[in-house]
Structure formats: structure tokens, C-alpha cells
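Taking it in order: structure first as C-alpha cells, then the write-up.
The values are calculated or read from the model by the stated rules, or taken from the named source; none is laboratory data. This is a predicted model, so every value here is computed, not measured. Here the Cβ is made from the backbone with ideal geometry for all residues, glycine too, and neighbour counts use every protein chain on show. Accessible surface areas use protein heavy atoms only, side chains included; no ligands, DNA or RNA. Shrake-Rupley method; radii C 1.70, N 1.55, O 1.52, S 1.80 Å.
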Amino acid sequence: MKFIKTTMVCAILIAGLIIVGCQKEKYVSRDTSGLKPPPPVDTTTPPVIDTSVVIDNCDKTDGWQVAGGDPVLATTGKKEGTGYIQATIKTGQDFMQFIKTLPAPVNTKVSLSTGELKLWFYVQDVSLLKVDGQIQFSSAADPDKKRIGWGMDKIIPTLTNGWNHLELKFTDGYVSGDGGPDLTAMNFIKIFFWTAAKAATDQNFGIDDIRVAALPPPPPVVFDACDSKDGWQTVGDVNITTTGQKEGAGYIKNTIANGGDFMQYIKDVAAPINTTFTASTGRFQFWWYVSDVSLLKADGSIEITSSGKSDFNESAWDVAPLIPSLKNGWNLVTLDFDKAIKTGDGGADYTAINHFRIFFFTSGKDHADLITGIDDLKFISK
């Protein structure tokens, strides 16, 4: 009897172990009850679109030349892609150059006034460099022809040990005397420099991700926001209207009433405005309100000067060519500096604009009241 009881107890224990062993084990990683949903996609910030043009991604040594031996494709520590071009100033040497002739010309899609050359440059020990050398970018497969260059004397003082991202504006470069590069067909880059003394130990240098990008447009420069009557003159009283403006708190408004045929808006500023743009890079822009364009006469002028008055040191644009493109209501008028009519004294000094005038006419004196307005006068980049 005792044996039977013992056997029964053992059987019960074995059955219990089998049941426990058959139960499904719970893993924390499979329990999704505590997981948080992903955050919503941010649609308020527009995505950054890279429009730069690759000159060489430095993922192959093909076509590369360096001083003192063959270029090395380093595949660790790169800044982009699968590798970078590495070269070494050996112990006892003092010179390095990186040269690449492209297999096909590259259209950079920028101009000398709007582009920049960008690349990563690795320096093991900046303190050993001589402040000399140059970065050259050419469309003639030649460092001395059809090229733009930047002196290493300006670049080296800005470097730190390790990787440096160089952003070299074309406007800061030296253009060769033959007219400079054809930026639609660039095919050559050369970077050369020295150590100040013979290297006591091997010094590594690297190049990665060479590309050309368009510079972000410079910010506009406001001549007048038209939010105050100060300094303004019109035919009759100067009026500020605080509804319907295109910018800020208001705009300058006036009316050519029935029986009249002329209006002008004049603004003088006490401190001259530096537009920050040149004749080839700048534009004058403002909003012009016309209630009925059909009443305008093909006459008049838009003027900016640096003399404090009209007709001296003036750059101007005729109103007549603008009229066919105007519509009733607000019109954004954009005028290129290089299309301005200049006075015989050389036109306006774009670093010191202090006077604005626009004047225009109706075709006759018998007409409905013509309401006009001016807002947001500023200088912008092309």
C-alpha cells in the first residue's frame, strides 16, 4: 500500500511538470502593449532639397594624382559615400598636391556670382602647415587656364586638426586673366600646399565629397516699409492706410481725382542705404497698387538715386513698359539694376541710396478717381 501511494505521488509530480513545461512562455519583447506609437510626421518644416552638383565623390582613386606616391582609398572615417582620397607627406618631405582631371566636363549650374565650391579636407596636424598653396578649379584641364583659385593663406588659418568642411565662394576666388572658368564645363581640380619644414613623421591628408552649390540668396535690404509718413511726399497730403497693405502696419496711398492727371511718390532717407548688391547682382522691388490700370498713360518713371534728388546719380526705369503687365489691384514690381537707365554721371551708387521717386499720369483728366498706393520698398538679389 505504501508503494502504491508513493507511485501515485510521483505520477502527480511528473504530470505537473509536463503541464508547466507545455505552457507558452511569455517574452517581454513580444508584449506590444507598452509600445508607444511613432511620433506624427512633421509637415510644418519643408524638407531640405540638395541641389548641389557633384564634382567628385572621392569613392575611387581613378584619375587622381597625389605627390610622393599613389593615392589611397581610405574606407574608414570618410565624410560621405564609401571612402575618401588619402595621401601622405612622408618623413623628410614637405609638399603635397591632389589633382583630378574629370573624365567628362560637369555643368555646375551656377554663375561666378552665385556659386561656391564645397569639399571636405582632412589635416592631421594643422600647426605643421606652411601658409602657402592654392585650390584651383578649371574648365581647361589646366591649373593656370580658365580657372578660379583660392589661396591657402586664407584657408589654413581657419583649419582645425581632423576634417574641415571648406565652403569657397566664387566671389572670393581669383579668376585667371583669360576670363575665368566656363562653369558649364568644369573638368579639373588641384589642391597643393606645403609643411613649413620637412616632416618629422608621416602626415596624412584627405579629400572627400567635392561639389558645387548655389549660395543661399542674401537677405533683402529694406529701403522703406511704408508704415510711416515720415520723409514721404505725394501730390497733396500723404496718407497712411492700415488695411489692405502688403507688408507691415500700412501703406502710402493717394488718389488721382477726376480733373487731375498726375501722381508722384517721393521718399528721402536721412541715412543712405547700402543695398549690398552690385549692378549685376541686384534688383529693386516694391508693391504698387493701381485701382484701374486702363486709366494709366504710357509715361512716367521709377527712380532711385544716391544724390538725394532726382536726375543726379540716378538709376531709373520707364513706367511705360510695365503697364501691359499690370493688373487692377496690387502688383509686385521687380527691376534689375543692370537694366536701369543711368544718368551721365554714372548712375546711382548702390552702396548709398537715399532717394526714391515714382511718377505717372492718367491718359486724360476726365476719369473716375484712380486710387494708387506704394508698399514695401526693398533691394533683393537676382
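Taken together, the residues in the stretch 354-382 that are at negative phi and either within 25 Å of the chain's Cα centre (by Cα) or modelled with pLDDT under 95 (or both) amount to 6. Checking the structure you have, find out if any residue of the stretch 276-297 is basic (Lys, Arg) and surrounded by fewer than 18 Cβ atoms within 10 Å (Cβ to Cβ). Yes, because at least one residue in the stretch 276-297 is basic (Lys, Arg) and surrounded by fewer than 18 Cβ atoms within 10 Å (Cβ to Cβ). The numbered conditions (1) at pLDDT 95 or above; (2) open to solvent by 60 Å² or more (accessible area, probe 1.4 Å) are all true for Ala270 except (1).
Of the listed requirements (1) touching a residue at least 40 places away in the same chain (Cβ under 8 Å); (2) under 24 Å from Gln245 (Cα atoms); (3) buried (at least 16 other Cβ atoms within 10 Å of the Cβ), Ala368 misses just one: (3).
The sole residue among Thr171, Thr201, Thr158 that is in contact (Cβ under 8 Å) with a residue 60 or more places away in the chain and among the β-branched types (Val, Ile, Thr) is Thr201. Considering the stretch 316-346 alone, what residues qualify as being within 16 Å of Gly282 (Cβ to Cβ), among the aliphatic types (A, V, I, L, M) and open to solvent by 30 Å² or more (accessible area, probe 1.4 Å)? If the condition is that a residue be within 16 Å of Gly282 (Cβ to Cβ), among the aliphatic types (A, V, I, L, M) and open to solvent by 30 Å² or more (accessible area, probe 1.4 Å), then Ile341 is the only one that fits.
In the stretch 210-228, what residues are open to solvent by 20 Å² or more (accessible area, probe 1.4 Å) and within 30 Å of Gln86 (Cβ to Cβ)? Matches in the stretch 210-228: Arg211, Ala214, Leu215. Pairs meeting the criteria (first residue in the stretch 120-136 and at negative phi, second residue open to solvent by 60 Å² or more (accessible area, probe 1.4 Å) and assigned to a strand (DSSP E or B), beta carbons under 6 Å, at least 6 apart or on different chains) are Trp120/His165; Lys130/Trp194; Asp132/Trp194. I'd like to know if the stretch 243-265 contains one or more residues that are surrounded by 20 or more Cβ atoms within 10 Å (Cβ to Cβ), in a loop (DSSP other than H, G, I, E, B) and touching a Leu at 6+ places or on another chain (Cβ under 8 Å). Scanning the stretch 243-265, I find no residue that is surrounded by 20 or more Cβ atoms within 10 Å (Cβ to Cβ), in a loop (DSSP other than H, G, I, E, B) and touching a Leu at 6+ places or on another chain (Cβ under 8 Å), so the answer is no.
Of the numbered criteria (1) at pLDDT below 95; (2) not in a loop (DSSP other than H, G, I, E, B), the one Pro218 fails is (2). Here the stretch 182-209 is the region considered, the condition is being part of a loop (DSSP other than H, G, I, E, B) and open to solvent by less than 60 Å² (accessible area, probe 1.4 Å), and the residue that is farthest from Ile374 (Cα to Cα) is Ala199. Considering the stretch 326-372, and only residues there that are in a strand (DSSP E or B) and of a type in the set (Ser, Thr, Tyr), the residue that is farthest from Gly260 (Cα to Cα) turns out to be Thr334. Every test in (1) surrounded by fewer than 15 Cβ atoms within 10 Å (Cβ to Cβ); (2) without any contact (Cβ under 8 Å) to a residue 40 or more places away in the chain; (3) not aliphatic (A, V, I, L, M) is passed by Lys146 save one, and that test is (1). Output yes when any residue across the stretch 165-181 is more than 25 Å from the chain's Cα centre (by Cα) and open to solvent by 60 Å² or more (accessible area, probe 1.4 Å), and no when none is. For the stretch 165-181, residues more than 25 Å from the chain's Cα centre (by Cα) and open to solvent by 60 Å² or more (accessible area, probe 1.4 Å): present.
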